[in-house]
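Report on one structure; see the data block that follows.
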Amino acid sequence: MVDRIRWSGWRVDVGEHQMQQLTQTSIDSSPRVTRGVSLAAGLYAIIGGAITLAGWAFGVQRLTDWRGDGISMFANTAACVILSGTALICLVIGTGSIWQHRAARLLATIVAIVAALTIFELVTNFNLGIDTLLVEREWGQRAATAPMRMGLPASTSLLAVSVGLWCATFGIAARRAASGLAIFVLTITSISLVGYWFGADELFGIARYTGIAW
């Protein structure tokens, strides 16, 4: 059986086996530049999150509050960022084996659970005790609704990132959804960055709605 695909004006004949491979392609077969960008993003997330966690562990506020404005990235956020970066790297390096995909899904699931529970806390004002599970300190709370609780932008973004990482382990259609989720996260963070650049506290410093560390 031969299926015909029309792409950019060219007609390409592919066998049934090749067609099945095409529809099931995942991120591990992406072009080298795409893989390089993904690898760099994953490493940046891991390094940035690790620096922040070190700040909380050793009591160095400036490592958690890179801008020095009293708004810190909290420990749960940093941990989820590290897990997300690690999951992304699992999808990029190596041969893209089923074990790499399973590892990425597991890490993404942990991030999703933490993000979803935090959103539940933000909506209901009910404290589940997860915010201070790793560490608890008094500083860096300027834009927090509760001690050590990440804000709505961060928790929403991490939930979208975790779903996107899951989607990236499947075929082309799912990867398109992952791209859409990535754009959604970029939109949220861009609003916050614009607020930081122009000193508009309303875009990053309102605890219940926009609070997020630089």
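Derivation of every value follows stated rules applied to the coordinates shown; laboratory data play no part. Everything numeric in this text was worked out from a predicted model, so none of it was measured. Cβ coordinates were reconstructed from backbone atoms using ideal geometry, including for glycine residues, and neighbour counts include every protein chain displayed.
Please name all residue pairs, on different chains or six or more residues apart, with Cβ atoms under 7 Å, provided the first residue is in region 189-206 and is free of Cβ contacts under 8 Å to residues at least 12 places away in the same chain and the second residue is of a type in the set (S, T, N, Q) and surrounded by 15 or more Cβ atoms within 10 Å (Cβ to Cβ). Listed by first residue and then by second, the contacts come to Glu202/Thr210.
Okay, residues lined up against (1) small (Gly, Ala, Ser); (2) in a helix (DSSP H, G or I); (3) buried (at least 19 other Cβ atoms within 10 Å of the Cβ); (4) out of contact with any Asp or Glu (no Cβ under 8 Å at 6 or more places or on another chain):
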| site | (1), (2), (3), (4) |
| --- | --- |
| Glu121 | no, yes, yes, no |
| Gly129 | yes, no, no, yes |
| Glu138 | no, no, no, yes |
| Leu159 | no, yes, yes, yes |
| Ala178 | yes, yes, yes, yes |
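Restricting Gly94, Gly85 to residues that are surrounded by 16 or more Cβ atoms within 10 Å (Cβ to Cβ) and either more than 12 Å from the chain's Cα centre (by Cα) or over 17 Å from Trp56 (Cα atoms) (or both) narrows the list to Gly85. Residue-level check: of (1) among the hydroxyl-bearing types (Ser, Thr, Tyr); (2) in contact with a Ser or Thr (Cβ under 6 Å, 6 or more places away or on another chain); (3) surrounded by fewer than 22 Cβ atoms within 10 Å (Cβ to Cβ), Ser72 misses just (3).
Answer with yes or no whether Thr77 is touching a residue at least 40 places away in the same chain (Cβ under 8 Å), among the polar types (S, T, N, Q) and in a loop (DSSP other than H, G, I, E, B).
It is false that Thr77 is touching a residue at least 40 places away in the same chain (Cβ under 8 Å), among the polar types (S, T, N, Q) and in a loop (DSSP other than H, G, I, E, B).
Could we say that Val111 is β-branched (Val, Ile, Thr), free of Cβ contacts under 8 Å to residues at least 12 places away in the same chain, within 21 Å of Thr189 (Cβ to Cβ) and assigned to a helix (DSSP H, G or I) here? No, not satisfied.
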